[in-house]
Amino acid sequence: MAAPPGSERDPDPEGRAAARPLLTDLYQVTMALGYWRAGRAQDTAEFELYFRRCPFGGAFALAAGLRDCVRFLRAFRLRDADVQFLASVLPPDTDPAFFAHLRALDCSAVTVRGLPEGSLASPGVPLLQVSGPLLVVQLLETPLLCLVSYASLVATNAARLRLIAGPKKRLLEMGLRRAQGPDGGLTASTYSYLGGFDSSSNVLAGQLRGVPVAGTLAHSFVTSFSGTEVPPDPMLAPAAGEGPRVDLAARVEVWLELVCAHLGLGAQAPHRGERAAFVAYALAFPRAFQGLLDSYCVQRSGLPNFLAVALALGELGYRAVGVRLDSGDLLQQAWEVRGVLRTTAARFQVPWLESVPIAVSNNIDEEELARLTQEGSEVDIVGVGTSLVTCPRQPSLGCVYKLVAVGGQPRMKLTEDPDKQTLPGSKAAFRLLGPDGSLLLDLLQLAEEPPPQVGQELRVWPRGAREPLTVRPAHVEPLLKLWVQQGQLREPLPSLAESRAFAQQSLSRLSPAHRRLESIRPCQVALSEQLQALVDRLRAQAVL
């Protein structure tokens, strides 16, 4: 589970990269000292990590971050340098035995249950249940919240964008430069892929997490050329590998005359530097040539220059992979570009040209994405950056980590704010479904209660309701899986790609009402009669 005491070896470097033990709030450490001083460090305790409201005013959230949490727990170890720093910020008269205790800490006695990554999550239903020695599981609060909250938020944001775009449009995450720091950027790239995006521009996410990466060229590449540059080797061999090499730059000039005549343009209209940039890129990537059309003027320069290069490559058996638009009315321009591609394909008898994918980008949010992906749109690929990774509609999911039991006895927080009251006791969670697979409600009950049965009539208490409700589920699904038991992984964690597929399966089960993105009542969460009775009893005892 962890390196021997005093060892500086990393059992899992990626686990420490996800979060280090001191990525926490100081009050976790002061409470740890208080528990230790009170002789309660080894008391068995259970915490639940959950959120109170669905994000973005919608009806669902996607659970994410579990894999990072498990990696963090398995690598959890305070190094000598960590303990020395804690000694410098705690009172100078702190008993040295406490620091010896910290040096020996690991998560070998910690058990974790939780929703599989990509699950639909409901308010109040635990994303994670963490149990173990009180001092240790208290120290885990802040890093686990950090690992789960933003991952789930950005996965949900990505899922909303995927629902808007539909299943066929390709979505590219390209927000690294706008993300809140490198860790936020890596998390966003990872969990936007889980939420339904097809790829990311983030190379590190590809290396560390296996996220498919994609990207071509920026305006700086295009504008860096003046047109006077001479390629050191303008010759390109046919795609099939047979036949003489051809001077691509020369063939582009020939095709430019033909394209401009077809479009009614003078051959001097297209920008020479832009054309030189396209030729240079095509020589470097003949099988992946894409034109960025709006460095100067789409219709008079970018498009004819692209067509000249694409047709010259086509003579050699290569096919351009797309064009990109990054400014102006993207929907209108995509229609216009597609029209030119179609007429040019017909004019020069090049059928594949008319279906070249059109990619767009430029501060795209939910409203603009809906416009770009409406019926009849010619947009094939959408790059989303800032509005995906920064989650401007709601910058935090607001997850909490609350104590629910100590020594097997339930604990409940009662406050002046009913929304902040907690549900006591170790719990199980089930999803109750109707005969057609539709979602009836999520049920929370005490762990010792027998699970609900298919066809069994249940009397439950919806959260916030004054009266009980009777339901008869046609299907029952347990929500929480045992992932780590006494520090040992119980089963292999799904890969990121598997979790992504599971997320899409989860989203497909949303009702049409819950697929709507605004002002929708979230999935109903209800308590079993035994759990409701426990809540009432503890509340009454607190009043007395």
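The values are calculated or read from the model by the stated rules, or taken from the named source; none is laboratory data. Note that this is a predicted model, so its numbers are computed, not measured. Cβ: placed from backbone, ideal geometry, glycine included. Neighbour counts: every protein chain shown. The protein model used for the area step is the full one, side chains on, heavy atoms only, and it has no ligands, DNA or RNA in it. Shrake-Rupley method; radii C 1.70, N 1.55, O 1.52, S 1.80 Å.
Worth a mention:
- Mean projection of the Cα convex hull over all viewing directions, computed for the chain: 31.2 nm².
- Label sites at Ala97 and Arg52, each approximated as a point 7 angstrom past Cα along Cα to Cβ, lie 4.0 nm apart.
- Compactness index (Cα Rg / 2.2 N^0.38 Å), region 427-507: 1.31
- Exceedance of the 22 Å cut-off in Cα-Cα distance is limited, within the set Lys168/Lys481; Lys427/Lys481; Lys402/Lys481, to Lys168/Lys481.
- Taking the inverse of the mean 1/r over every pair of distinct Cα atoms in region 463-544 gives a Kirkwood hydrodynamic radius of 17.2 Å.
- Accessible surface of region 183-306 [probe 1.4 Å, protein heavy atoms]: carbon and sulfur percent: 57 percent
- If you wrap region 357-452 in the convex hull of its Cα atoms and look at it from every side, the mean projected area works out to 11.3 nm².
- Charge dipole of the chain about the Cα centre (unit charges at C-beta), most positive-ward option of Leu194, Pro21, Ser122: Ser122
- Note on Glu336 and Arg472: their simple-model spin labels are 6.3 nm apart, each label 7 Å out from Cα toward Cβ.
- More than 12 angstrom apart: percent of Cα pairs within region 308-352: 66 percent
- Accessible heavy-atom area order of Asp247, Asp183, Asp442, highest first, probe of 1.4 Å: Asp183, Asp247, Asp442
- Here region 13-101 is treated as a sphere whose radius is the Kirkwood value from Cα pairs; by Stokes-Einstein at 25 °C and 0.890 mPa s it diffuses with a coefficient of 155 µm²/s.
- If R0 equals 45 Å, the separation of the Cβ atoms of Phe285 and Lys481 corresponds to a calculated FRET efficiency of about 0.55.
- Each principal axis of the Cα atoms in region 241-316 has its own extent, and those three values, largest first, are 36, 22, 15 angstrom.
- In region 276-371, the ratio of gyration radius to Kirkwood radius, Rg to Rh, stands at 0.97 when only Cα atoms are counted.
- Along principal axes, Cα extents of region 373-532, largest first, whole Å: 59, 40, 38
- For q = 0.10, 0.20 Å⁻¹, Debye-computed log10 I/I(0) when each Cα of region 83-241 counts as one equal scatterer: -0.63, -1.24
- Volume per residue that the Cα convex hull of region 218-347 spans, once the total is divided by residue count, Å³: 99 Å³
- With semi-axes defined as the square roots of five times the eigenvalues of the C-alpha gyration tensor, the equivalent ellipsoid of region 190-289 measures 33, 18, 14 Å, largest first.
- Inverse of mean 1/r across different Cα pairs in region 142-231, Kirkwood, Å: 14.5 Å
- With the simple spin-label model, which puts each label point 7 Å out from Cα in the Cβ direction, the Ala218 to Glu315 separation comes to 3.4 nm.
- Within region 109-170, the proportion of C-alpha pairs whose separation exceeds 17 Å stands at 52%.
- Projected-area average for region 66-156 over all orientations - Cα convex hull basis, square nanometres: 6.9 nm²
- For the chain, share of DSSP beta bridges that run antiparallel, in % to the nearest 5: 70 percent
- Note on region 288-432: percent of Cα-Cα distances in each 10 Å bin, starting at 0 and stopping at the bin with the largest distance, equals 10, 28, 19, 11, 10, 11, 9, 2.
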